[in-house]
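A short worksheet on the structure shown next.
Please treat every number below as a calculation from the coordinates, not as lab data. Everything numeric in this text was worked out from a predicted model, so none of it was measured. All Cβ positions, even for glycine, are placed from backbone atoms using ideal geometry, and neighbour counts span all protein chains on display.
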Amino acid sequence: MNKTILFLFLLPIIFLGFSSQEAWSQIPTRLRVIEASNVGATIDPSLKELHGQLSSLFKYTSYRLLRDERLHLRLNQTTVLPVHPGRSIEITPLKFQANTAELRVKIKRERTEILDAQVRLPPGRTVLIGGPKHGEGVVILAFSSLF
């Protein structure tokens, strides 16, 4: 009887330990793929919050959102997002400690790497990475932490 009570008491504690460990192994992240160019002078309304940061780092007059993804990344597991025919983004979380995620980001065209970067993403912040040419401009990746 005492063993049964002890087991029933410990079971929720063990379950909470596993579930919180599972929650911490996920890194909630938002990725916005942006096309920046000097064709026109428009800013996608969904990018208004980033306009100051974009214009201070990049000298383009037009910013258009191509893709907006909410991701739950897992440590040491690569997430692949196809973004254009023959082109993909690979994101691999390398570390998550002190509420800062360290990500390896690669863009591939066909099977050739055209971008390989490592990013530190602090809580509540957005990090911008200038990428390859796209259309009349370039691609910019905006990683935002949701933790």
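Amide H to amide H distances under 5 Å link L71 with T29, R30, L31, where only residues 5 or more positions off or on other chains count and H is placed in the peptide plane.
Under 13 Å from the 7 Å Cα→Cβ point of S56, by amide nitrogen: which residues of the range 120-147? The answer is 126-128, whose backbone nitrogens lie closer than 13 Å to the label point.
Think of each Lys and Arg Cβ as +1 and each Asp and Glu Cβ as -1; about the Cα centre, that makes the dipole of the range 27-145 roughly 200 debye. The 3J(HN,Hα) values that the Karplus relation (6.51, -1.76, 1.60; θ = phi - 60°) gives for the range 39-51 are, in residue order, 8, x, 9, 10, 10, 3, x, 6, 10, 3, 5, 9, 4 Hz. Gly and Pro appear as x.
Its Cα gyration tensor gives the range 27-145 an equivalent ellipsoid; the semi-axes, largest first and in whole Å, are 23, 18, 11.
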